[in-house]
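Written out below as structure tokens is the structure these notes cover.
The values are calculated or read from the model by the stated rules, or taken from the named source; none is laboratory data. Fair warning: this is a prediction, and the values are worked out from it, not measured in the lab. Cβ placement follows ideal geometry from the backbone for every residue including glycine, while neighbour counts extend to all protein chains displayed. Just so you know, the surface numbers come from the protein's heavy atoms only, side chains and all, with ligands and any DNA or RNA stripped out. Shrake-Rupley method; radii C 1.70, N 1.55, O 1.52, S 1.80 Å.
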Amino acid sequence: MAVETILSWWSAQRVMCMALKQKQLGVTLVELIIALVIIGVALAAMVTAVGSMAGRSADPAVRQQAIAIANMYMAEVTAKEFTATSPPCLPKPATRAEYTAVCHYNGLTNAAGVNAGARDQLGNSIAGLNQYRIVVNVVDAPNELGLLNNEIPTGDVLRITVTVTGPANTSFALVSYRAKYG
């Protein structure tokens, strides 16, 4: 009888456990907390990645604009007549529109005050580019081209450097050489 009672009790417990398992439709509090922690960590990682990408998305545009400005200034400078800086290029015209020689551009700065920002050849401000700073340097550079025995005389090669600094202090320098030929 004792064995039958135990078997009957065990069968009843088993039936009740099966019934409870079938009725359980929700999740436990522990399962819910674990799921929330996992979702929170994933969302935090996603927000950090998206925020980082959004913060850097303007950098390439600023850099490309700085490159375009440097190219514009360099094309203007190199299109002018070659005149050596040694002896110094004199006299330097009063306005950029009157520059006729490469050496006239030495020391040109559009960085602060009235002349801030990118300007065209006539000195007119270019819309939307007033946050860029431009500096042009023209120096004698006869020994920088890697030739042996200093074969190029002083005054026959000029190094032109156009440095453009953008709104986020990102700087780009474009360097070109202009040689006296002929």
Filter result for the condition that a residue is open to solvent by 60 Å² or more (accessible area, probe 1.4 Å), closer than 21 Å to Ala68 by Cβ and at pLDDT below 80, over Asn143, Asn130, Asn115: Asn115
Of residues in the stretch 53-70 being loosely packed, with under 10 Cβ neighbours inside 10 Å and either small (Gly, Ala, Ser) or in contact with a helix residue (DSSP H, G or I) (Cβ under 9 Å, 6 or more places away or on another chain) (or both), the one modelled with the lowest pLDDT: Ser57
Subset tally (residues that are at pLDDT 85 or above and part of a loop (DSSP other than H, G, I, E, B)) for the stretch 77-87: 2
Filtered residue count, the stretch 167-182, keeping only those that are of a type in the set (Phe, Trp, Tyr) and in contact with a helix residue (DSSP H, G or I) (Cβ under 9 Å, 6 or more places away or on another chain): 1
Candidate set: the stretch 149-172, residues that are open to solvent by 60 Å² or more (accessible area, probe 1.4 Å) and part of a strand (DSSP E or B); chosen: the one modelled with the lowest pLDDT: Ser171
Residue in the stretch 88-107 that is touching a strand residue (DSSP E or B) at 6+ places or on another chain (Cβ under 8 Å), surrounded by 11 or more Cβ atoms within 10 Å (Cβ to Cβ), at pLDDT below 85 and not in a helix (DSSP H, G or I) present: yes
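Just to check your reading of the model, which residue among Val27, Val50 is of a type in the set (A, V, I, L, M), at pLDDT 70 or above, out of contact with any Pro (no Cβ under 7 Å at 6 or more places or on another chain) and not in a helix (DSSP H, G or I)?
Values: Val50 fails: not in a helix (DSSP H, G or I).
So the residue among Val27, Val50 that is of a type in the set (A, V, I, L, M), at pLDDT 70 or above, out of contact with any Pro (no Cβ under 7 Å at 6 or more places or on another chain) and not in a helix (DSSP H, G or I) is Val27.
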